[in-house]
Amino acid sequence: MIRKIIFTLAMAVTTVAGMAKDIKTVVFTTQPQMHCENCEAKIKGNLRFEKGVKKIETNIERQEVIVTYDADKTNEERLRTAFEKFGYEATRIEKQEKETGKTEK
């Protein structure tokens, strides 16, 4: 009985580990720059249709578009191409941690 339970748990863990996704985040800045809520809405409204996109955040003050995506379904180059479809040029930017001096990716 205990062996059966342990075997079942081991199979469940193996199945879950095999289904793990490669989720990544990239930060872009755009040209033309976002200057209003309509720009944010245009970006979010169009990017959400790209395969693999999980989450889109925008920040007008910092001129950032933060995209969380499934790397098994898309990549940074495809995301850049997606921006072009609705009139923007996207450039990846590196996030800087001010206190430690380390670079986030």
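Remarks
- Tally of residues being surrounded by 14 or more Cβ atoms within 10 Å (Cβ to Cβ) and within 11 Å of residue 27 (Cβ to Cβ) across the stretch 80-91: 1
- The set of residues in the stretch 45-57 that are within 12 Å of the chain's Cα centre (by Cα), open to solvent by less than 100 Å² (accessible area, probe 1.4 Å) and of a type outside the set (A, V, I, L, M) comprises 50, 52, 57.
- Pairing residues of the stretch 72-92 that are free of Cβ contacts under 8 Å to residues at least 12 places away in the same chain and acidic (Asp, Glu) with residues that are part of a strand (DSSP E or B) and open to solvent by less than 20 Å² (accessible area, probe 1.4 Å), at Cβ distances under 9 Å and at least 6 apart in sequence or on separate chains, gives 84/90.
- Restricting the stretch 58-78 to residues that are surrounded by fewer than 14 Cβ atoms within 10 Å (Cβ to Cβ) and among the aliphatic types (A, V, I, L, M), the residue that is farthest from residue 21 (Cα to Cα): 60
- Tally, over the stretch 19-39, of residues that are of a type outside the set (Asp, Glu), open to solvent by 100 Å² or more (accessible area, probe 1.4 Å) and not in a loop (DSSP other than H, G, I, E, B): 2
The values are calculated or read from the model by the stated rules, or taken from the named source; none is laboratory data. For clarity, every value in this text was computed on a predicted model and none was experimentally measured. Here the Cβ is made from the backbone with ideal geometry for all residues, glycine too, and neighbour counts use every protein chain on show. These accessible areas exclude ligands, DNA and RNA; they are computed on the full protein's heavy atoms, side chains included. Shrake-Rupley method; radii C 1.70, N 1.55, O 1.52, S 1.80 Å.
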